[in-house]
Amino acid sequence: MHAMRETTPSLRRVKQGYTAGARSLASRSVTGLARTRVTPNALTAAGVSLCLAAAVLVPFASRNEILVYWLAALVFVVGSVLDILDGALARAGGKSTPFGAFLDSTTDRVGEGAVLAAIAFAFARDGNEAAVALTVAAVAGSFLVPYTRARAEALGLRGDVGLGSRAERVVVITAGLVLAPWGILQWALALLAATAWLTVGQRILHVHKQLSESRESTERFHGPS
């Protein structure tokens, strides 16, 4: 337990470091784009469209695994990058809107869910029931990760702990698609499911801890009732 308490802050610092670096890179990338008429919502639409295109490609992998899986991985990662840049463009160009943020969050789930559904379909067609179950677990966990954060923030609490956030999921799915011809995809989904559910558990415990600390602080301030 002591080792876990020491490791968690270290992992949090690592995540904060590469998250800040990615945001800085994204901001620099859209500096010129911010002066054009391209809107964040246009990037959002392009991103989810590419993710849906990747989902359409996956079931055809049986015809040429390396070509199709690698093409699907490329299309998916480009679509996901556009999903990152839309937020950076909104901040850089002063074009942030509540609807844009809502649309971005929603289309993230649509694109990711479509690709995972396509992967589950491919596994089901091949009769790989264990891999289908892993994919379903990955989908459920991946959807719960942003939900737990949103619910925590609705309570005025932090809910961004854990390593199973959107960026990490994109990396795992992309790597799984690239290595799919060598049978790695189902293991990538196992990793995705494990990290997603671990993150959900971390966020639940983190919210519980914050609420407990808030209640104890209130009791110390007001005294016992």
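Only one of Thr44, Thr39 is at pLDDT below 90, more than 23 Å from Glu168 (Cβ to Cβ) and either among the β-branched types (Val, Ile, Thr) or in contact with a helix residue (DSSP H, G or I) (Cβ under 6 Å, 6 or more places away or on another chain) (or both). Can you tell me which?
None of the others qualify; the one that does is Thr39.
Which one is surrounded by the most Cβ atoms within 10 Å (Cβ to Cβ) among residues in the range 161-220 that are farther than 13 Å from Glu112 by Cβ, at pLDDT below 90 and touching a helix residue (DSSP H, G or I) at 6+ places or on another chain (Cβ under 7 Å)?
Residue satisfying both the conditions and the ranking: Gly162.
Considering only the range 99-131, how many residues are more than 16 Å from Leu177 (Cβ to Cβ), of a type outside the set (Lys, Arg) and in a helix (DSSP H, G or I)?
The qualifying residues number 14.
Only one residue in Thr148, Thr195 is in a helix (DSSP H, G or I), of a type in the set (S, T, N, Q) and more than 26 Å from Val75 (Cβ to Cβ). Which one?
So the residue among Thr148, Thr195 that is in a helix (DSSP H, G or I), of a type in the set (S, T, N, Q) and more than 26 Å from Val75 (Cβ to Cβ) is Thr148.
Okay, residues lined up against (1) closer than 14 Å to Ala193 by Cα; (2) of a type outside the set (Ser, Thr, Tyr):
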site: Ser96; (1), (2): no, no
site: Glu112; (1), (2): yes, yes
site: Leu134; (1), (2): yes, yes
site: Ala154; (1), (2): no, yes
site: Gly162; (1), (2): yes, yes
site: Leu177; (1), (2): no, yes
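Which members of the range 63-74 meet the condition of being among the aliphatic types (A, V, I, L, M) and either buried (at least 16 other Cβ atoms within 10 Å of the Cβ) or closer than 28 Å to Ala150 by Cα (or both)?
Selection gives Val68, Leu71, Ala72, Ala73, Leu74.
Identify the single condition in (1) in contact (Cβ under 8 Å) with a residue 24 or more places away in the chain; (2) within 24 Å of Gly201 (Cβ to Cβ) that Arg125 does not satisfy, given that it satisfies every other one.
(2)
With crowded, with 22+ Cβ neighbours inside 10 Å and out of contact with any Cys (no Cβ under 7 Å at 6 or more places or on another chain) as the only criterion, which of Val77, Val56, Val48, Val81 stands out?
Matching residue, one of Val77, Val56, Val48, Val81: Val48.
With the condition kept exactly as written, say whether any residue in the range 95-108 is buried (at least 20 other Cβ atoms within 10 Å of the Cβ) and of a type in the set (Gly, Ala, Ser).
Within the range 95-108, not a single residue is buried (at least 20 other Cβ atoms within 10 Å of the Cβ) and of a type in the set (Gly, Ala, Ser).
The values are calculated or read from the model by the stated rules, or taken from the named source; none is laboratory data. This is a predicted model, so every value here is computed, not measured. Neighbour counts run over all protein chains shown; Cβ positions are idealised from the backbone, glycine included.
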